[in-house]
Amino acid sequence: SQLASLPQVCLFRMSRHHLLAYALLFGKSASFLSPNRHIQHQTSTSSRSLNTITRMSSTSPLDTEIANYFSSAGHGTITSSQPMGSSGWASFRRIETSNPTSPDFFIKSSSRSCAQMFEGEAMGLTAMHECSKIDEDGLFIPQVFHYGDFESEGGSVLIMEYMSLGGRGDEYALGRAVGKMHRAPPTAAAGNPDSKFGFPMDNTIGGTSQPNGFT
């Protein structure tokens with residue numbers, strides 16, 4: 001693509017597919033542009049109790065994994081878990097915790113290993129987050145908090161910031177924001193210390209493996 005020829009491009013091949021995937025996942029009218037890059041968590045304890053949620057009633061490997069992470073990371077205990085659908089390779093849920101200063105979390109889980117499913121996605125989202133946060137008008141990319149294999153048995157999890165999106169999108173602003181992300185300075189934090197096209201590791205599009213060697 002033309003954007004790929006930019007001298008300071010720091011994106012990798014999967015990024016535009018993930019932008020579309022997240023748009024579809026969170027709603028066709030979702031906008032990736034945040035009016036305020038520093039969004040504060042505004043859900044109060046009282047309003048949480050009014051949400052229609054599914055209470056966690058069993059202890060699965062996934063429940064144990066995310067509960068251990070939230071406790072160790074200072075997010076408190078899990079107060080609600082709301083299913084958000086699934087695909088052919090992963091399941092999704094929204095998690096709220098007892099810490100009022102913590103954001104809501106979006107959880108992706110799979111029966112496959114983290115190396116197969118989520119490691120590349122987590123690193124990719126982190127790279128896009130790094131490339132976008134430098135500009136107030138940049139894309140709003142969810143922050144990745146944790147990813148890894150279940151400790152007890154097979155399966156893996158990806159924990160990221162929940163994005164509450166809606167309203168009418170602005171395609172012109174979206175195009176400009178994507179362009180800014182492509183022009184972001186290449187850095188090690190963004191996954192591109194050598195100013196090349198590609199990414200440090202291979203990843204997936206859905207359940208399909210995708211090579212990302214530097215060129």
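The values are calculated or read from the model by the stated rules, or taken from the named source; none is laboratory data. Since we're looking at a predicted model, the values are computed, not measured. Because the Cβ atoms are built from the backbone with ideal geometry, glycine has one as well, and the counts that use them run over all protein chains shown. Please note that ligands, DNA and RNA were not included when accessible areas were found on the heavy atoms of the full protein model with its side chains. Shrake-Rupley method; radii C 1.70, N 1.55, O 1.52, S 1.80 Å.
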Got a number for residues in segment 163-185 being surrounded by fewer than 18 Cβ atoms within 10 Å (Cβ to Cβ) and in contact (Cβ under 8 Å) with a residue 12 or more places away in the chain?
13
Can you pull out every residue in segment 151-162 that is part of a loop (DSSP other than H, G, I, E, B) and open to solvent by less than 40 Å² (accessible area, probe 1.4 Å)?
155
Which numbered condition trips up residue 134, out of (1) open to solvent by 10 Å² or more (accessible area, probe 1.4 Å); (2) out of contact with any His (no Cβ under 7 Å at 6 or more places or on another chain); (3) within 28 Å of residue 169 (Cα to Cα); (4) modelled with pLDDT of 90 or more?
(4)
If you check every pair at least six apart or on different chains, which have Cβ atoms under 7 Å apart with a residue in segment 117-137 that is closer than 15 Å to residue 201 by Cα first and a residue that is modelled with pLDDT under 90 and of a type in the set (D, E, K, R) second?
120/202
Collect the residues in segment 194-215 that are within 17 Å of residue 128 (Cβ to Cβ) and open to solvent by less than 30 Å² (accessible area, probe 1.4 Å), keeping them in residue-number order.
198, 199, 203, 204, 210, 212
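Checking the condition over 19 Å from residue 86 (Cα atoms), buried (at least 18 other Cβ atoms within 10 Å of the Cβ), under 13 Å from the mean Cα position of the chain (by Cα) and of a type outside the set (A, V, I, L, M), which residue from 140, 105 passes?
140
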